[in-house]
Each structure stands twice: as C-alpha cells, then as structure tokens.
Amino acid sequence: MTTLLDMTPPAAAPHIAPTHAAAHANPEPRPSAHLKLWRPSRVFITKAARDSDVAARARRVGAELGAEIIELKGNAVRGLKGESERETYRRAKTSIAIVNAPPSALRFQPIPPSADFRLDLARGCPAHCQYCYLAGSLSGPPITRAYANLDEIFAAVPNFIGQGKITSASETRAHEGTTFEASCYTDPLGIEHLTGGLERAITWFGQQSEAGLRFTTKYARVDDLLGLPHNGRTRVRFSVNAEDITRRFEGGTAKLADRLAAMGRMARAGYPVGLTIAPIMPIENWQAGYGALIRDAGIALPEDADVTVELITHRFTPGSREVLLSWYPGTSLEMDPAVRSEKRNKFGGRKFVYRREMMREMKAWFTDTIARELPNGAVLYWT
Ligand code: SF4
C-alpha cells in the first residue's frame with residue numbers, strides 16, 4: 001500500500017519553482033509529491049470522536065508521520081500550556097485534536113461577503129501567518145481541532161437552503177445555490193491528509209443541487225481532490241499574495257508558485273476556482289508584486305476556467321494586534337494604528353484599515369489590472 005510517507009520525498013529533494021516560460025511550456029503541472037505535509041507532533045483523540053472515520057484516519061496518518069497518538073479519556077484537551085506564551089504557542093501549533101463539533105457549530109452563521117453561511121470542518125490552523133485572521137477570534141492555545149461528526153454537520157445543511165443573503169439572494173450568483181464557507185476558522189486543505197474532511201464535504205455537496213461549498217487555502221497538495229465527484233458544487237479558492245509577502249509573513253504554507261499550479265490543476269479537473277488575494281498591503285513596489293501575481297495566475301489557468309477574485313485589504317483590531325505581537329514579537333508587519341483609519345462596527349468593536357486615498361488607489365489599480373490580465377476573473381468584492 002502506498003502511504004503518505006512513500007509519497008513524501010527526502011527533505012533534500014530540490015524544489016524547482018515554475019517560471020513563466022516553464023508554466024507556458026508545461027500547462028499540466030506535475031503531481032504534488034514534492035510538497036511537504038504538515039507533520040503534527042501530537043494527535044489527540046477525544047472520547048466522543050474516537051470511533052469516527054476521522055479519528056481512524058488521524059491515528060493512521062499521524063502515526064505514519066511520526067506523531068504521538070494520545071487517546072483521551074474525556075473530551076477536554078489538556079497539556080498544551082507551556083512555561084511561556086511562546087512555548088504554549090509552539091505546543092498548540094504542533095498538535096491536532098479530533099473532536100466532535102459542538103451543537104453551536106450546527107447552527108450555521110451568516111458570513112458576508114464570501115458566502116451565505118459558515119460551515120466549519122475544523123477550528124485552528126497549523127500555519128504561522130504573521131497577520132493570521134484567527135488571532136484574537138479563537139480562545140485558548142491555538143491548537144487545531146478537527147471535527148469528526150461530519151455526518152451531523154452535513155445533515156444540518158438542508159435547514160439553511162434558500163435562506164442566505166449573499167449567493168441565495170443574488171441574481172448573478174443564484175446558480176451557486178445556498179453557499180457554505182468551510183475556511184472561516186481553518187485552512188481545511190492543510191490538515192486534509194489527517195482528517196479527510198474535505199473529501200467527504202466535496203463528495204457530499206457534489207450530490208446537492210441547491211447548495212454549494214466554498215473553501216480557500218494556502219496549501220497546494222490537491223492530488224486526492226482532483227478525481228472526486230464534485231459536480232461543480234465546490235469552488236476552491238487559493239489564498240495568494242505578492243510573492244514578497246508570502247515569503248516574509250506566511251510561515252508553514254505552500255510556496256506561491258505551488259498554490260497557483262494547484263489552482264490550475266483543480267480548474268482542469270472541472271472545479272470552479274478562485275483567487276483570494278489577501279491581505280493586500282501597499283508594500284514598496286506593490287504594483288509590481290501584485291502585477292506579477294495576477295499575470296502568473298492567468299498563466300496557471302486554462303482558458304475556459306471559471307474563476308472568481310476576492311480582494312481583501314489588511315486590517316487589524318486592537319485584540320488581534322496584541323495576540324499577533326505576542327506570537328510574533330519580531331514581526332516587521334505594519335500594525336501601527338497611527339497610520340491607519342479607525343472603523344467602528346455597530347457593537348462598538350474597532351478595526352484599523354488603510355486610509356481612504358490609499359484604498360481608492362489600490363481598488364482602482366486592482367480592478368483595472370484584473371480586467372486586463374485575467375479577463376475571465378469575476379471580482380466578487382473589495383474590502
Ligand atoms: S493559513 Fe490562514 S488560518 Fe492558517 S495561519 Fe495563515 S492566515 Fe491563519
């Protein structure tokens with residue numbers, strides 16, 4: 001039997017990023033055996049989830065990858081607290097727990113502007129992005145908790161059909177049906193080898209005529225998704241940025257060239273795809289960096305690709321800033337309230353965004369450049 005370890009090359013295997021010329025010459029990129037898998041140090045299996053398929057896979061794959069498998073007597077995951085914040089972060093980010101989603105996760109919440117509802121397959125993510133969207137929104141040490149009661153989660157979907165305010169209520173997007181976003185609190189492809197949750201979700205949504213699944217990822221190992229009976233009901237978006245930003249701030253994720261190649265492969269397998277360009281930052285020479293990104297995305301895609309584009313600028317809250325500075329004290333990421341505009345939501349929450357003139361300039365530039373370089377890319381929103 002081929003195991004995941006068999007598919008992983010020795011650490012010394014050279015990684016050759018495709019160039020423009022190579023991408024043109026080889027429109028079918030090679031399989032992703034050269035991509036590194038996330039290797040957790042610990043796999044916790046909770047009592048409630050221990051007989052599930054997800055737990056069986058996590059046990060098997062975790063052991064193949066050298067993780068310690070910890071069978072818990074109850075459902076609380078303990079032992080993550082280290083002597084310092086840094087140590088707690090390190091222990092949590094190298095652990096995954098297989099748990100049952102709580103009842104609240106079956107009451108799907110609206111998630112504008114991306115989709116009608118949020119459908120979580122997991123909460124937490126093994127990557128180390130220095131601007132992480134999860135900072136400040138999940139409580140406790142940042143362990144990844146993958147949900148095992150997937151059948152219960154899918155069984156709740158019909159209760160929400162036709163009730164959304166985004167795709168369900170949109171003339172141009174109504175054909176997508178009621179949409180469910182699976183990457184609000186995790187990167188589901190980053191843990192797929194351990195859980196199989198995406199495979200189950202894509203196959204389940206493939207049998208639906210009125211519902212669609214969406215997820216976005218900074219990973220690129222898509223081989224196991226290519227042949228699934230998705231029936232066009234799952235839109236896979238790749239979260240990308242100017243290469244300089246991906247290198248500086250997105251630890252533990254796939255290289256940009258590999259994400260774009262994976263997008264091309266998914267499009268050729270008939271999936272609707274997308275680019276989530278986020279978080280957009282006006283770094284030095286930002287037009288050059290983002291211009292190369294948009295051009296490379298166009299090169300990676302087949303001509304008939306069904307592709308959407310989501311444009312999200314960088315923002316932070318006082319809470320996320322504090323958490324991120326404790327996780328990444330040496331970061332060079334700009335999080336200076338003094339150079340930002342402050343916005344308040346209806347509950348009094350504060351966030352810091354770029355100033356209006358900068359937002360206007362960037363929005364106009366992205367709109368023009370996408371229209372020119374990626375003409376079949378439908379821009380869904382700018383925020
Ligand atoms: S991939 Fe997304 S969820 Fe994971 S660390 Fe990066 S920003 Fe956070």
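Got a number for residues in the stretch 160-177 being in contact with a helix residue (DSSP H, G or I) (Cβ under 9 Å, 6 or more places away or on another chain) and free of Cβ contacts under 8 Å to residues at least 40 places away in the same chain?
Qualifying residue count for the region: 1.
Out of the residues in the stretch 173-225 that are surrounded by fewer than 23 Cβ atoms within 10 Å (Cβ to Cβ) and of a type in the set (S, T, N, Q), which is nearest to the ligand (Cβ to nearest atom)?
Out of the qualifying residues, it is Thr203.
Hey, among the residues in the stretch 131-160 that are aromatic (Phe, Trp, Tyr) and more than 10 Å from the ligand (Cβ to nearest atom), which one's surrounded by the most Cβ atoms within 10 Å (Cβ to Cβ)?
Within the stretch 131-160, the first condition is being aromatic (Phe, Trp, Tyr), and the residues that meet it are 131, 133, 147, 154, 160.
With more than 10 Å from the ligand (Cβ to nearest atom) added as a condition, the list becomes 147, 154, 160.
Values: Tyr147: 23, Phe154: 20, Phe160: 18.
By that ranking, first place goes to Tyr147.
Restricting the search to the stretch 226-244, which residues are touching a strand residue (DSSP E or B) at 6+ places or on another chain (Cβ under 8 Å) and more than 11 Å from the ligand (Cβ to nearest atom)? Give the steps one after another, and end with the answer.
From the stretch 226-244, those touching a strand residue (DSSP E or B) at 6+ places or on another chain (Cβ under 8 Å) are 233-241; that's our starting set.
Once the filter is applied, which keeps residues that are touching a strand residue (DSSP E or B) at 6+ places or on another chain (Cβ under 8 Å) and more than 11 Å from the ligand (Cβ to nearest atom), the stretch 226-244 yields Arg233, Thr234, Arg235, Val236, Arg237, Phe238, Val240.
Residues in the stretch 354-376: is at least one assigned to a loop (DSSP other than H, G, I, E, B), surrounded by 11 or more Cβ atoms within 10 Å (Cβ to Cβ) and among the aliphatic types (A, V, I, L, M)?
Yes, some residue in the stretch 354-376 is assigned to a loop (DSSP other than H, G, I, E, B), surrounded by 11 or more Cβ atoms within 10 Å (Cβ to Cβ) and among the aliphatic types (A, V, I, L, M).
Yes/no matrix, rows are residues, columns are (1) among the aromatic types (Phe, Trp, Tyr); (2) touching a residue at least 24 places away in the same chain (Cβ under 8 Å); (3) within 16 Å of the ligand (Cβ to nearest atom); (4) surrounded by fewer than 20 Cβ atoms within 10 Å (Cβ to Cβ):
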position: Phe249; (1), (2), (3), (4): yes, yes, yes, no
position: Gly270; (1), (2), (3), (4): no, yes, no, yes
position: Asn285; (1), (2), (3), (4): no, no, no, yes
position: Ala297; (1), (2), (3), (4): no, yes, no, no
position: Val307; (1), (2), (3), (4): no, yes, no, no
position: Ile312; (1), (2), (3), (4): no, yes, yes, yes
position: Ser320; (1), (2), (3), (4): no, yes, yes, no
position: Leu324; (1), (2), (3), (4): no, yes, yes, no
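Filtering the stretch 98-130 down to residues that are away from the ligand (no atom under 16 Å from the Cβ), of a type outside the set (A, V, I, L, M) and assigned to a loop (DSSP other than H, G, I, E, B), which residue is surrounded by the most Cβ atoms within 10 Å (Cβ to Cβ)?
Phe108
Is it the case, given these coordinates, that Gln163 is away from the ligand (no atom under 16 Å from the Cβ), closer than 25 Å to Ala101 by Cα and at pLDDT below 95?
Working: away from the ligand (no atom under 16 Å from the Cβ): yes; closer than 25 Å to Ala101 by Cα: yes; at pLDDT below 95: yes.
Yes.
The values are calculated or read from the model by the stated rules, or taken from the named source; none is laboratory data. On a predicted model such as this, the values are computed, not experimentally measured, just so you know. Reconstructed Cβ throughout: ideal geometry from the backbone, glycine too, with neighbour counts over all protein chains shown.
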